[in-house]
Every structure is written in C-alpha cells, then in structure tokens.
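Read through the structure below, which is laid out as structure tokens, and then see the notes.
The values are calculated or read from the model by the stated rules, or taken from the named source; none is laboratory data. Everything quoted here is computed from the prediction, not taken from an experiment. All Cβ positions, glycine included, derive from the backbone under ideal geometry; neighbour counts span all protein chains shown. Side chains included, ligands, DNA and RNA excluded: accessible areas come from the protein's heavy atoms. Shrake-Rupley method; radii C 1.70, N 1.55, O 1.52, S 1.80 Å.
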Amino acid sequence: MARSRVAQPQTPFHRDERVLAALVQLLLVLVVGAGLWLLVRSTLADLQAKGLAPGLGFLDNVAGFAIGEGAAYDPASSSYLAAFRVGLGNTLRVAGTGILLATLLGALIALGRLSGNPLVERLGAAYVEVFRNTPLLVQLIFWYQGVVLRLPGLDEGLALARQAGPVGSDARALLFLSQRGLALPRFRPGEGASSWLAALALGALLGLAIGRWRRRRQARTGRPAGGLAWGLSAWLLVAVLAWAALPAAPYAIELPAVGRFKYEAGRVFSPEFTALLIGLVAYSAAFIAEVIRAGIVAVSQGQREAARALGLTEAQGLRLVVIPQALRVIVPPLTSQYLNLTKNSTLAIYIGFPDLFNVSLTIGNNTGQFVVVTLMIMAVYLAMSLGTSLAMNAYNRRIQLVER
C-alpha cells in the first residue's frame, strides 16, 4: 500500500515573513503619505491665509524688472513667464558651453598627465589638485572680482588684430576683452541661410550613409574603412558646393566693434557670463581630467603592446585601441560631472549673472509665489538632468561590449 503523505504544517498568518514584510511596507507607505498630506495641507492653508493661493496665473502678469543679458525681453511688456524663459536660456547657454569646453580642457590635462614628460605631468597634477580642492564659489568670486573686473577699461582693453581707428568711432577687431566682457565675431544670417542649412542637413544624411557603407565594406572585405573621414568629406563637399551655388553668401561675419560706452557689434558676453564660464570650466575640468585619466589607465598595458606590435604609432594606438576601450569606463562618471556642472551654475547668483535660479528668485520676491517658483525650478533642473543622463546612458549602451 502506498504511504500517505504527511501534511506539512502551515505557517500561521501572523508569523509568515512574507506577510509581515508586506504589512510593514504598507504601514511605512501610509505613514509617509500621511506626513506629506499634512505638510501639503498646512502649507496650502498658510498660503491661502496670506492671500497667496498657489497657481500659475501670476506668470501672465507683466514682470516689470530688467534682465541684463539674454534673449529679447522688454520689462515694460514681457510677462513673468518670458522672464523665466530668459533665465532658462541663459542657464542652458552657460551649461552647454561649459560642458563642451570643460571636456576639451579635461581631456588635454589628462593626456598631459599621461604624456611621460615630467614637467607637463607635474603641471597637470598641480592644476588638478589646486582647482579640485578649492571651493567653486571661492573660485567664481576670484575670477569675477579678481580677474574680469580688474581688466583694462573699454578704451584700453585687449584686442586681437585690431583695425585702425580711434575708440568711439566703431573700431573693430577679431576679439575684444575688457571690464565690459568678451566680444567675438558673429555670423549674421543672410537671404540664403535657410537654404544652406537645409543643404547641410542633406549633406549630413549623405555622410552618414557613406560612412555606414564604408563600414559594411570593411566588415565584408577586411580593408580599412575610413568611414568617419569619408562621411565628413562628403558633408564638407556638400557644404562648400551649396555655399558656392547660392547667389549671395548665406552668412556674413560681423566683427566686434567698440563704441563709446559699450561694444556695438559682434557676439558680446557680459563680465558675469565670462567669469561664470571660466570658473565652471576650470573647476569641472579638474574632475573630468581625473575621470579620463583613470579610464585610460584602466586599459591594460597589453593592449598598448598589441597596438605597437601591429605597427601603430602611439597616437594611432591611443585613438584606435585605448580610447574606445577607455570610454566604457569614462562615460558613467563623466555623466555625473556634466550633471554637477549644470547644477553648479546656480552659484551664478553670487556674481550677478541672470541664470534661471537668479531670475526665478526675483520672480518669487515680486509675486510671493515662492512655493510655485521653487517647484518650477526643481522641475526644470530635474528635466535637464534626466535629459543629460538619458543621452549619456544611450551612448554608454552603444559603446559597451556585447558578450555572447
């Protein structure tokens, strides 16, 4: 006869670990939710008692305060929303330019520290240690108060390739640098600018198609592809032919000019923007340099020896063998540095640059809607950070090794 199975004793409900864990988590969620609800309710009641019921209607009111730098803005007619957009544009401008310049400077410092030249290595190490271990706010104040504002006046400022002509009569140069900021040449669009930009877009698509075709040819035949060089050459060829085919130049170069009291032409950057950009780039480049250096050092020495065995020069081995492998180590921490640079731009308030944070505080002071304005600031910086992380993570997934 088959033996009957012995019934397993069931765990009591009040002693089941899974049930207890679920109950504890549910209780924690209820407690946190109740605390947040009480906080929100108390805040709303306090704001309503002061006649400051939260809402977005105030954004349509006339701002009435001036913004020294940014997109077109009239304080007498522009709304608070327009002022908010100007601050956002200034933040995006300084963050985007800062990320690009800090990456280039950090890469140069990292390569200098790995160059094998004792002097260059020590200079790179000294740069990293000084800028990385000094508070950013102190550096910003130094660049603004101790450097930019100590430059010569407008009539005695530094000039590159200055044309003949007295100051105050539209004197021009390739570059002006003074207490009034930095002035660079600007490209002014002409009648054929839109047509030329369309040709550039078509040339980029053609370059991508040619580059992909060359890479497929390399995979099929084993010959060197040169896909990047071929793609860039095709794009440049389309750009040159389109420029020559247009009846008028699509863009004209406008050299900066010095007037009696300010720069009258060219791309002008205020002293505050100049100091903020220099400070952010100098500070972030020190961290980026260490990230890049660590990524390159993480590639084993055998890879370099294999590159030399194949007849590659040091530069070719670095570009074709070491850097592609180092990027897999570099990109994740590099993303954090980009996010830090963007968020550190809020320190611009201490040197008077009208970034998003500075302009938003002015809006909050004028309207009393600090809660709503703060939430708007948080939402914008969260969106910028998530967008940057999304782009960098997508690139990181693309360069990762696919294991079989």
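How many residues does region 61-112 hold that are in a loop (DSSP other than H, G, I, E, B) and touching a residue at least 60 places away in the same chain (Cβ under 8 Å)?
Number satisfying all stated conditions: 8.
State which residue is modelled with the highest pLDDT when the search covers only region 185-197 and only residues that are assigned to a loop (DSSP other than H, G, I, E, B) and surrounded by 13 or more Cβ atoms within 10 Å (Cβ to Cβ).
Kept after step one, since they are assigned to a loop (DSSP other than H, G, I, E, B), are these residues of region 185-197: 185, 190-192.
Still in the running and surrounded by 13 or more Cβ atoms within 10 Å (Cβ to Cβ): 185, 190, 192.
Working: Pro185: 85, Gly190: 80, Gly192: 80.
Looking at the filtered set, the residue picked out is Pro185.
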Practice item. Considering only residues that are touching a residue at least 60 places away in the same chain (Cβ under 8 Å) and more than 26 Å from Val128 (Cα to Cα), look in region 267-310 and name the one that is surrounded by the fewest Cβ atoms within 10 Å (Cβ to Cβ). Key: Arg267
Practice item. Residue by residue through region 350-372, note down the ones that are touching a helix residue (DSSP H, G or I) at 6+ places or on another chain (Cβ under 6 Å) and either modelled with pLDDT under 90 or small (Gly, Ala, Ser) (or both). Key: Gly352, Ser360, Gly364, Thr367, Gln369, Phe370
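Can you report the number of residues in region 352-404 which are free of Cβ contacts under 8 Å to residues at least 40 places away in the same chain, open to solvent by 30 Å² or more (accessible area, probe 1.4 Å) and in contact with a Ser or Thr (Cβ under 6 Å, 6 or more places away or on another chain)?
Total satisfying the criteria: 0.
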Review point. Only one of (1) at pLDDT below 90; (2) closer than 30 Å to Ile288 by Cα is not met by Leu88, so which one is it?
Key: (1)
Review point. Out of curiosity, is Arg93 of a type outside the set (A, V, I, L, M) and closer than 21 Å to Lys262 by Cβ?
Key: yes
Review point. Can you tell me which residues in region 39-60 are open to solvent by 100 Å² or more (accessible area, probe 1.4 Å) and at pLDDT 70 or above?
Key: Leu39, Arg41, Gln48, Leu56, Asp60
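Among the candidates Leu208, Leu182, Leu232, Leu200, single out the residue that is assigned to a strand (DSSP E or B), surrounded by 13 or more Cβ atoms within 10 Å (Cβ to Cβ) and in contact (Cβ under 8 Å) with a residue 12 or more places away in the chain.
Leu182
Could you list, in sequence order, all residues of region 61-106 that are of a type in the set (Lys, Arg) and open to solvent by less than 80 Å² (accessible area, probe 1.4 Å)?
Arg93, the sole residue that qualifies.
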Review point. From the list Leu140, Leu114, which one is surrounded by 14 or more Cβ atoms within 10 Å (Cβ to Cβ), within 30 Å of Ala289 (Cα to Cα) and either among the acidic types (Asp, Glu) or touching a Lys or Arg at 6+ places or on another chain (Cβ under 7 Å) (or both)?
Key: Leu114
Exercise for review: Please enumerate the residues belonging to region 243-266 that are closer than 26 Å to Leu184 by Cα and part of a helix (DSSP H, G or I).
Suggested key: Trp243, Ala244
Exercise for review: Just give me the residues in region 117-130 being outside any loop (DSSP other than H, G, I, E, B) and open to solvent by 40 Å² or more (accessible area, probe 1.4 Å), in sequence order.
Suggested key: Pro118, Leu119, Val120, Glu121, Arg122, Leu123, Ala126, Tyr127, Glu129, Val130
Check your understanding: Restricting the search to region 223-278, which residues are small (Gly, Ala, Ser), closer than 19 Å to Gly70 by Cβ and modelled with pLDDT of 85 or more?
Key -> Ser270, Ala275
